[in-house]
Structure formats: C-alpha cells, structure tokens
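**Q** Here you go, one structure.
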Amino acid sequence: MEPLTLYAPAKVNLTLTVGDRRPDGYHDVSTVMQAVGLYDTLTLTHGGAGLTLTCTDPAVPSDATNLVLRAAGRFFEETKLPVPDLHLHLRKRIPSQAGLGGGSTDAAAYLRGMDRLYGLGLGRSDAASTLLALRTLYAPSLPDVQLEHMAAALGSDVPFFIRGGTALARGRGERLTPMPRLRDGWFVIVKPPEGFSTPAMYRRLDALPPEPPRPDAMPAALAAEDIRAVAAALYNSFERAVPPDSAVWDIESALRAHGALAALLSGSGSAVFGLFAREDTARAAAETLRERWPMTFAAQPV
C-alpha cells in the first residue's frame with residue numbers, strides 16, 4: 001500500500017530561564033516554546049519484520065538508541081498492543097545539536113501517529129488496514145495528557161511536541177501550559193557548523209554566578225499579539241554559557257543587520273533564530289545568510 005508520511009516540526013525557545021540543579025540531576029526550567037515550520041518527515045510503510053528504521057542522516061542511529069524506536073517501545077509497553085510490521089523512514093531536515101528539538105519532535109510524531117493509527121481499533125490484527133485508517137482519522141484517541149505522560153519518559157522536550165503551538169513548559173519541561181499562539185512574524189533559523197552539547201552547556205551555567213531574577217514580559221506580549229513586544233521579551237539563560245569566540249554572536253549580529261527585530265540562541269544551541277515582522281524581509285535575509293551559513297531556514301510559527 002501507499003506509504004504514510006507524518007510531519008515533525010522544529011521548535012524555538014522564545015524564553016528559557018534555567019534554575020538550580022535538582023537532586024535528581026535535572027535543572028528546573030521555565031521556557032516558552034514555539035513550533036515552527038521546519039519539518040522532519042517520518043514515513044511509515046507496512047511490511048518487514050517488526051519495527052525497523054532507516055534515516056537520511058548517517059549520523060543518526062537506526063538502532064534501539066534512536067528516540068523514535070524508544071518511543072515505539074514505550075507506546076506498545078503502555079498500551080499492551082501487539083507490535084506491527086512497519087518500516088519507518090526518517091528524513092532529517094532539522095539540524096542536530098542545534099536546540100531545535102529534532103529528536104524530540106520525531107519521537108512525538110511517532111506517538112501521535114501510533115495513537116491515531118490504533119484509534120479505530122483496526123490495527124490489532126492488520127497493520128496495513130490501520131495505516132489506511134490513519135488517513136481518515138484526525139482526532140487522537142488517547143487524551144493529550146496520556147500521550148504527554150509517555151513523552152515525558154523519553155525526554156524533556158518531547159511532551160511539548162504532542163500539542164505543539166505555543167506553550168510554557170516548566171519543571172524538566174513536562175509541565176505544560178498553553179499560551180496565546182504566536183500568529184504573526186517569521187523566523188530565520190541559522191545553524192553554524194559548531195554544535196553544543198546540552199550537558200556541557202548546563203555544566204558551564206552551573207559554574208557561573210546565579211543570574212538575578214528578571215521580569216517575564218512574554219505572556220503579556222503574546223496575549224497582545226504584539227510582535228515587537230515579543231521580540232523585546234526574548235531571553236535565554238544559555239547565552240551566558242556561549243563561548244566568546246562562537247559563531248553565535250556573528251550570526252545574531254548578521255540577523256539584526258538584515259532586519260530581525262531581535263535574535264536569540266534556541267535551547268542550548270547552537271542554532272540561532274531571528275524574529276522578523278515581514279515574510280519578504282525574512283526570506284531575503286535567509287537567502288543572504290545562507291551564502292555564509294548553508295544551514296539557514298525561513299519558517300513561520302505553526
């Protein structure tokens with residue numbers, strides 16, 4: 001039968017405040033995340049023996065360490081459903097080690113897809129017919145909170161991608177509160193050749209003096225649908241840990257010089273995004289910056 005393709009959007013962090021390290025080794029965070037229209041695609045094809053995975057990026061593992069296959073294990077463990085014969089093909093467009101949630105969104109896309117696939121109860125004996133059912137079923141059968149519970153066991157950013165849009169995440173990232181959606185503006189996302197290890201960035205932050213409390217203007221800016229106020233409220237604690245010779249600073253300067261209202265590191269990096277008021281300005285900036293940094297993308301909030 002014809003394969004089925006699921007779309008997995010990237011995210012940027014409009015705000016990200018890192019708190020103290022907890023006894024369990026994680027840090028308390030407070031972050032407003034925004035899904036953007038830069039997508040990985042996950043294609044499901046009936047056949048093979050059990051669940052198998054291939055990927056366009058040879059650097060991405062295709063064994064049990066891959067987050068998509070870990071999501072599969074979690075889904076079938078919790079639902080007690082039989083494992084179907086499905087081949088999963090992952091086309092990567094979201095850069096790795098970028099702070100854009102590439103692995104997390106792929107895992108969430110799989111969970112959403114499996115939820116819809118089994119929502120009609122047709123897949124318990126025939127995986128081919130369940131793929132057909134998925135084409136016509138638009139509402140998930142499990143509550144979002146149950147999918148988010150599965151997602152939280154896989155990683156801090158995975159729960160956000162179950163719902164997407166705009167959301168405040170707290171704790172490890174698993175406590176989600178929907179926010180007014182960002183409907184205006186465009187993002188230009190630039191990934192330099194360097195990559196940042198998330199654990200290393202946390203260690204750098206831990207070695208720095210605590211940052212003073214700061215007012216959070218983002219909720220009011222989003223509620224007012226004021227793109228310039230959103231730009232003024234952008235903030236990321238991890239910028240304190242970026243090395244002074246990093247390309248991040250050159251990219252931020254270039255984005256602002258080409259019309260960005262503001263520019264910021266996403267997540268723990270190393271990708272940087274600029275927020276633009278107009279599509280034409282964003283696309284022109286992306287075209288120019290791509291000459292120096294090939295992994296440059298223009299994307300809307302989604």
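The values are calculated or read from the model by the stated rules, or taken from the named source; none is laboratory data. These numbers were taken from a predicted model, which means no experiment stands behind them. All Cβ positions, glycine included, derive from the backbone under ideal geometry; neighbour counts span all protein chains shown. Side chains are part of the model used for accessible areas, which takes the heavy atoms of the whole protein and leaves out ligands, DNA and RNA. Shrake-Rupley method; radii C 1.70, N 1.55, O 1.52, S 1.80 Å.
**Q** What's the FRET efficiency of Thr198 with Gln146 using the Cβ-Cβ distance as r and R₀ = 41 Å, to the nearest 0.05?
**A** Efficiency at R0 = 41 Å is approximately 0.95.
**Q** Another question, if that's okay. Between Thr52 and Glu279, with labels modelled 7 Å along Cα→Cβ, what's the label distance in nm to one decimal, could you check?
**A** The answer from the label model is 4.1 nm.
**Q** Okay, moving on. What distance in nm separates the simple spin-label points at Glu239 and Glu211, each placed 7 Å from Cα in the Cβ direction?
**A** If labels sit at Glu239 and Glu211, their model points lie 0.9 nm apart.
**Q** I've got another one for you. Measuring from centroid to centroid over Cα atoms, what is the spacing of region 176-196 and region 91-121 in Å?
**A** 17
**Q** Still on this structure, I have one more. Classify the chain from the C-alpha gyration tensor, please: rounded if a/c falls under 1.5, else prolate or oblate depending on whether a/b exceeds b/c.
**A** The shape class here is prolate.
**Q** Let me have the 222 nm mean residue ellipticity of the chain computed from DSSP H runs of 4+ only, each contributing -39500 (n - 2.57), with the sum over all residues rounded to the nearest 500.
**A** -9500 deg cm²/dmol
**Q** Turning to a different aspect of this structure: Which far-off residues, 5 or more places away or on another chain, put their amide H under 5 Å from the one on Ala262, with H placed in the peptide plane?
**A** Leu275
**Q** Arranged from highest to lowest average of other beta-carbon atoms within 10 Å per residue, in what order do the peptides 92-100, 4-12, 266-274, 209-217 appear?
**A** In decreasing order of mean packing, 92-100, 4-12, 266-274, 209-217 become 266-274, 4-12, 92-100, 209-217.
**Q** If you don't mind, another one. Roughly speaking, what is the centre-to-centre gap between region 232-302 and region 1-50 when only Cα atoms are used, to the nearest Å?
**A** Here the answer is 20 Å between Cα centres.
**Q** Sorting His87, His27 by accessible area (1.4 Å probe), largest first, what list results?
**A** So the residues, ranked largest to smallest area, are His87, His27.
**Q** Accessible area per residue, 1.4 Å probe, Å², for the chain: what's the number?
**A** Each residue of the chain exposes 45 Å² on average to a 1.4 Å probe.
**Q** What's the extension gain from Thr41 to Asp20 if we count 0.36 nm per residue and subtract their Cα-Cα distance?
**A** Here the segment from Thr41 to Asp20 would lengthen by 4.0 nm.
**Q** OK, next. When a/c reaches 1.5 or more, the comparison of a/b and b/c decides; with that in mind, is region 197-266 rounded, prolate or oblate per its Cα gyration tensor?
**A** Oblate is the answer for region 197-266, as a/c is 1.5 or above yet b/c matches or exceeds a/b.
**Q** In whole percent, and with a 1.4 Å probe on the protein chains, what portion of the accessible area of the chain is carbon and sulfur?
**A** 52
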